[in-house]
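Enquirer: Let me begin by handing over the structure; questions about it come next.
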Amino acid sequence: MRENLVSIIMPAYNSEKFISDAIKSVVEQDYDIWELIICDDSSEDDTIRICKKWSNIDSRIMLVQNKYGKGAPGARNTSLDQASGQFIAFLDSDDLWHPNKLSLQLNY
């Protein structure tokens, strides 16, 4: 466990239309001690390609892939197995965060 690190857990399935915006909302956080763990749950679209592109841009972004579909809860659990943060945050692949979401939440 790394102190002050937020492990952000994102399940993804056929999310090509929305996932870049979701990832961008993490990258633009004003709190920058985070890791984003995206678990692809056997997508059949360009979700994996998009995630790999982002992980090449920012080393805090990690893509893991389920060998078979487990659904969103199973994808979250796969990501949690990889998490090393003191804190856990969940973000769905079709949701967005306000730029100061993490800093506000951590202040509480």
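The values are calculated or read from the model by the stated rules, or taken from the named source; none is laboratory data. Source: prediction; values computed, not measured. Note that we place each Cβ from the backbone using ideal geometry, even for glycine, and neighbour counts take in every protein chain shown. Heads up: the accessible areas ignore ligands, DNA and RNA and are worked out on the full protein's heavy atoms, side chains in. Shrake-Rupley method; radii C 1.70, N 1.55, O 1.52, S 1.80 Å.
Enquirer: Suppose we filter region 1-41 for residues that are farther than 19 Å from LEU102 by Cα and open to solvent by less than 40 Å² (accessible area, probe 1.4 Å); how many remain?
Expert: First pass over region 1-41, keeping only residues farther than 19 Å from LEU102 by Cα: 12-18, 39-41.
Restricting the remaining residues to those that are open to solvent by less than 40 Å² (accessible area, probe 1.4 Å) gives 12, 15, 39-41.
Going through region 1-41 one residue at a time, the tally reaches 5.
Enquirer: Let me ask another. Of the residues SER25, SER42, SER20, which is on the phi > 0 side of the Ramachandran plot and of a type outside the set (Val, Ile, Thr)?
Expert: None of the others qualify; the one that does is SER42.
Enquirer: Taking region 62-108 as the search range and keeping residues that are β-branched (Val, Ile, Thr) and in a strand (DSSP E or B), which one is nearest to ASN14 (Cα to Cα)? Show your work before the answer.
Expert: Of region 62-108, the ones β-branched (Val, Ile, Thr) are 64, 78, 88.
The next check asks that each one be in a strand (DSSP E or B); those that pass are 64, 88.
Numbers: VAL64: 15, ILE88: 24 Å.
Top of the filtered list is VAL64.
Enquirer: Looking at the structure I just gave you, is VAL26 of a type in the set (Val, Ile, Thr) and not in a strand (DSSP E or B)?
Expert: Details: of a type in the set (Val, Ile, Thr): yes; not in a strand (DSSP E or B): yes.
Judged against the criteria, VAL26 is a match.
Enquirer: Take the residues in region 62-108 that are acidic (Asp, Glu) and under 12 Å from the mean Cα position of the chain (by Cα), then tell me which one is nearest to LYS17 (Cα to Cα). Full working, then the answer.
Expert: The first filter runs over region 62-108 and keeps only residues acidic (Asp, Glu), leaving 81, 92, 94-95.
The next check asks that each one be under 12 Å from the mean Cα position of the chain (by Cα); those that pass are 92, 94-95.
On the way: ASP92: 13, ASP94: 8, ASP95: 11 Å.
Residue satisfying both the conditions and the ranking: ASP94.
Enquirer: State which residue pairs qualify: first residue hydroxyl-bearing (Ser, Thr, Tyr) and inside region 88-108, second residue surrounded by 14 or more Cβ atoms within 10 Å (Cβ to Cβ) and assigned to a loop (DSSP other than H, G, I, E, B) in any location, beta carbons under 9 Å apart, and separation of 6 or more residues or different chains.
Expert: Taking only residues 6 or more apart or on different chains, the pairs are SER93/TYR13; SER93/SER15; SER93/PHE18; SER103/GLN29; SER103/TYR31.
Enquirer: Could I ask something else about it? For region 81-98, does any single residue satisfy the condition of being in contact with a strand residue (DSSP E or B) (Cβ under 8 Å, 6 or more places away or on another chain), of a type in the set (D, E, K, R) and at pLDDT 95 or above?
Expert: The initial filter retains those residues of region 81-98 that are in contact with a strand residue (DSSP E or B) (Cβ under 8 Å, 6 or more places away or on another chain), namely 82-93.
Imposing the further condition that a residue be of a type in the set (D, E, K, R) reduces the set to 92.
If we keep only those that are at pLDDT 95 or above as well, we get 92.
Yes, region 81-98 has at least one match.
Enquirer: Hey, any hits in region 38-61 for a residue that's outside any helix (DSSP H, G or I), touching a residue at least 40 places away in the same chain (Cβ under 8 Å) and more than 13 Å from the chain's Cα centre (by Cα)? Reasoning before the result, please.
Expert: Start the filter on region 38-61 by keeping residues that are outside any helix (DSSP H, G or I), which leaves 38-46, 58-61.
Adding the requirement that they be touching a residue at least 40 places away in the same chain (Cβ under 8 Å) leaves 38-39.
Retained after the next criterion (residues that are more than 13 Å from the chain's Cα centre (by Cα)): none.
No, region 38-61 contains no residue that is outside any helix (DSSP H, G or I), touching a residue at least 40 places away in the same chain (Cβ under 8 Å) and more than 13 Å from the chain's Cα centre (by Cα).
Enquirer: So which residues in region 97-108 are surrounded by fewer than 16 Cβ atoms within 10 Å (Cβ to Cβ), within 12 Å of VAL26 (Cα to Cα) and of a type outside the set (S, T, N, Q), if there are any at all?
Expert: HIS98, PRO99
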